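Everything below concerns the one structure shown next.
No lab work stands behind these numbers, since they all come straight from the coordinates. For clarity, every value in this text was computed on a predicted model and none was experimentally measured.
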Amino acid sequence: MKTPTLFAGKAAGTKPALSGSRILLPFTTQAISRRAFDAAIRIAQIEGATLIPAFLARVPRNLPLDSPLPGACSVGMPLLEAIEQRAHAEGIPVDARVSRGRTYRDALQRLLEQERFDRVIVSATDDARQGLSEDDLAWLLRTVPAEILILRPAPDDERSISASGLHGHF
């Protein structure tokens, strides 16, 4: 049974995607690498693609998958909003998602089974608790029928996109 994916909507005033190309930008925490975000923006601009940021929410095994997750949402939704605002400022169409699963990989797999993406841009980290693990990234490369771009910033590059300074709902 497929778990419904929440659609966060499109920012008003963005141009429609020219190519129909869809770039998935999954994230799991309060921040995402500035390098991964910038790469997604540049590729979307060049291709006239839609950026699809997706917050991957872990649901504890003792809860149903459709349970409310106020703690996870208080982390992910402000960043989702920040990504939308920054992409909108660059003229990039955005169609955000929230996907639930028992693990980050499970949430990503559920989303990938429901929709088609031309590219997946992942911000890698050394801390599996802060994102997709090394095993998850290997799984992604083996199984996903899309172009995959995995970016890990240099160890001294701590630039990120976060919800700080956000204007709007949060």
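Summary table below
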quantity	calculated
Placed amide H near residue 120: partners under 5 Å, 5+ positions off or other chain	24, 147, 148, 149
Residues whose placed amide H lies under 5 Å from that of residue 152, excluding near-sequence neighbours	124
In sequence order, calculated HN-Hα J values of the range 82-93 (Karplus, 6.51, -1.76, 1.60; Hz; x Gly/Pro)	5, 4, 4, 5, 5, 5, 4, 4, 8, x, 8, x
